[in-house]
1. Taking A:SER44 as meeting all but one of (1) of a type outside the set (A, V, I, L, M, F, W, C); (2) within 12 Å of ligand 1 (Cβ to nearest atom); (3) within 14 Å of another protein chain (Cβ to nearest Cβ); (4) surrounded by fewer than 17 Cβ atoms within 10 Å (Cβ to Cβ), write down the number of the exception.
2. Run down B:VAL237, B:VAL146, B:VAL187 and say which single residue is among the β-branched types (Val, Ile, Thr) and without any contact (Cβ under 8 Å) to a residue 12 or more places away in the chain.
3. Can you tell me which of B:ALA263, B:ALA210, B:ALA225, B:ALA235 is among the hydrophobic types (A, V, I, L, M, F, W, C), crowded, with 18+ Cβ neighbours inside 10 Å, in the same structural domain as B:ASN77 (by TED's automatic domain parsing) and over 30 Å from A:GLU157 (Cβ atoms)?
4. Out of segment A:82-93, which residues are out of contact with any strand residue (DSSP E or B) (no Cβ under 7 Å at 6 or more places or on another chain) and either among the aromatic types (Phe, Trp, Tyr) or more than 16 Å from ligand 2 (Cβ to nearest atom) (or both)?
5. Restricting attention to segment B:133-192, report how many residues are more than 14 Å from chain A (Cβ to nearest Cβ) and among the hydroxyl-bearing types (Ser, Thr, Tyr).
6. Starting from segment B:109-123, take each residue that is crowded, with 16+ Cβ neighbours inside 10 Å and list its partners that are among the aromatic types (Phe, Trp, Tyr), counting only C-beta distances under 9 angstrom and pairs at least six apart or across chains.
7. Evaluate the following for A:ASP134: is it away from ligand 1 (no atom under 16 Å from the Cβ), under 30 Å from A:SER222 (Cα atoms) and acidic (Asp, Glu)?
Amino acid sequence: MTDSPQEEGLVLNGLTKILGGRVIIDNLHLVVKKGEMVSLLGPSGCGKTTTLRMIAGFLIPDKGDIVLNGKDVTTIGPEKRPSAMVFQNYALWPHMTVFGNVAYPLKVRKLAKPEIEKRVHEALAMVNLMHHKDSRPGQISGGEQQRVALARALVQEPDILLLDEPLSNLDAKLRVKVREDIRDLQRRLGITTVIVTHDQDEALSISDRIAVMNNGKIEQFSTPQELYDRPETEYVANFIGSLNHIQGGFADGQVISGTEVVGIRPEDVHFSTEQVPGSYPATVQLVVPRGHFCEVYLKRADVELHAFISLDVPLAGTSGFVKINKALIYKDGKLVRVA
Amino acid sequence: MAKREKSRAKSSSPVVKALLGIFMLAMAFFILGPLLWLAIHAFVTNWTYPNLYPDGWTWHWWTQIFANSALEESIRNSLIISPIVVVLSMIICLPAAYAAGRMNYVGRKTFLIGLFAANSFPKIGLFASIATLYYALNLMGTIVGVIIIQLLGTIIYMTWIPAAAFASVPRNLEEAARDAGASKFRVFRTITLRMAMPGILVAIVMSFLASFDEAQGTYLVGAPAIYTMPTEMYALVENYPIQIAAVFSLLLAFPSVLLIGLARKHIVGGQLAEGFQIK
Ligand SMILES: Nc1ncnc2c1ncn2[C@@H]1O[C@H](COP(=O)(O)OP(=O)(O)OP(=O)(O)O)[C@@H](O)[C@H]1O
Ligand SMILES: [Mg+2]
């Protein structure tokens, strides 16, 4: 399959933005396919919101272009851009009802009344909020407000949907439910979506691909699986999932002295009471229950590791054998080898 | 223990209620008492100290007021000047208030504190220096002169309150509207202005009252050519029976009460607070 221009929903080409005398976004490249859901993931202050605001049109990049469905929109104002944004704090208009909020974009487009009514009802039905259509934003719960904001974005039938940490104001349980709802809707409508988050769980579970950002740059852009299995930089390996992070080298399933960095996922550390090829003697030092698995601290002659074990959890003090199934080896922050 | 706490809370509440009741009654007495006294005096032929009841009831004072062309003219002046002052004040101050509301925090505070400081100088000194200017510009004893003087007193209300109201409209509510496709002007009209409206209404009411009640400057600049209701009161208190002043006070209070009544519904709506989390 070749990437024809038709399949590119959003192209960010060398975006650069300077704010307050600092380079906030630094020559950023990103190509999002049509209908794809992409997360911008990164720590606070890395420039996720700034990137999203440039895509939405609230900020004009100092350098670079933004191409939406083949059309250059770099300098077009937000009101003319075929994008719709869901704000972190929802930004619902308190003086309008739920219906009024969702109807606003259509009124602005001067649609006929019956058409507006029909489309608003469809959008509200989609997010299960018909029963609240005459309520004010202040009278409904946070999760419901979030859905109103989503309906207000979807009713515009945008070419691209932009979400800035849309779930951060919800409690943990609701967050999981709502993110699945969003993913469902996004798939059903096949709408190109960019979602900003600093929650890796959220990114890993709902995205087709994830762009991990650091200091205004994209460190890696790949599928959740790839990102986890083959983090291309040390930064990404540390940011995504959990990692045993050891200075040294790696040979024959053992950590040796060296100048590289060895990264070992706790899932890739295997403990057993029987010796298998590639395993070495170890003792269990500490067992910390983590819910559906236990974090086990193990000591081997060459290295101390923590492991995630969910079945046959050993007791602290027991001896056994530990095998390292996979190690990521980095040099100067870049992945050089997977062993 | 918990039970005792509870019973104590319960037993204290009637005391609090009683104190609150007494306080309210006292307030009512000091505020409504004089009003009641005025209201009665506006309709009595005579009512003096040893007598428990008025001598009789009459519309005489009211007809006398409306028959007196000087009094009538002062009412007309007030009803013409004050609305003009309010409208002019809106035209001049609201854009400034909007600009101040959109300034950064430091800029806005400096602007507003500056205005406040200028406003807190004794007025009479300001008026005296304005009077010299007025003589030079031939504004003494003119409607324009009175309007300008009264305008000065409304500026503080028409900038402070709306500036705070504009500032309290969260930016991302405006951005959300832009994102939804609205032009800048439409965003201003349907979101910013709409959400600042309760504040602007308060400012309109306050400015109207400030203008309507202004006597010092108006007297200095307007008399003897132009009298408004408050400046006419001076003459009344000296030259007419008390009942005429009572009628006039009621007339003076009437627009204020009416205006507050009309605006109340919109101001107490409380929409500003509900429905969004300010970032
Ligand atoms: N108008 C501005 N002037 C100066 N600096 C700015 C401006 N806006 C953002 N920044 C800076 O740019 C950096 C990136 O900001 P941005 O809001 O994009 O971060 P973010 O990745 O969204 O972080 P968070 O997860 O905390 O929301 C921050 O260091 C911020 O201080
Ligand atoms: Mg952000």
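The values are calculated or read from the model by the stated rules, or taken from the named source; none is laboratory data. It should be emphasised that the depicted structure is a prediction, and the values quoted were computed from it without experimental measurement. Using ideal geometry, Cβ is built from the backbone for each residue, glycine included, and neighbour counts are taken over all protein chains shown.
1. (3)
2. Just a single option satisfies the conditions, and that option is B:VAL237.
3. B:ALA210
4. Here is the first cut: in segment A:82-93, the ones out of contact with any strand residue (DSSP E or B) (no Cβ under 7 Å at 6 or more places or on another chain) are A:89-93.
Those that are out of contact with any strand residue (DSSP E or B) (no Cβ under 7 Å at 6 or more places or on another chain) and either among the aromatic types (Phe, Trp, Tyr) or more than 16 Å from ligand 2 (Cβ to nearest atom) (or both): A:TYR90, A:LEU92, A:TRP93.
5. So the answer is 6.
6. B:LEU112/B:TRP160; B:LEU115/B:TRP160
7. no
Results for (1) free of Cβ contacts under 8 Å to residues at least 24 places away in the same chain; (2) in contact with a Phe, Trp or Tyr (Cβ under 8 Å, 6 or more places away or on another chain); (3) at positive phi, shown as yes or no for each residue.
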{"site": "A:GLU36", "(1), (2), (3)": "no, no, no"}
{"site": "A:THR50", "(1), (2), (3)": "no, no, no"}
{"site": "A:ILE55", "(1), (2), (3)": "no, no, no"}
{"site": "A:ILE76", "(1), (2), (3)": "yes, no, no"}
{"site": "A:TRP93", "(1), (2), (3)": "no, yes, no"}
{"site": "A:PHE99", "(1), (2), (3)": "no, no, no"}
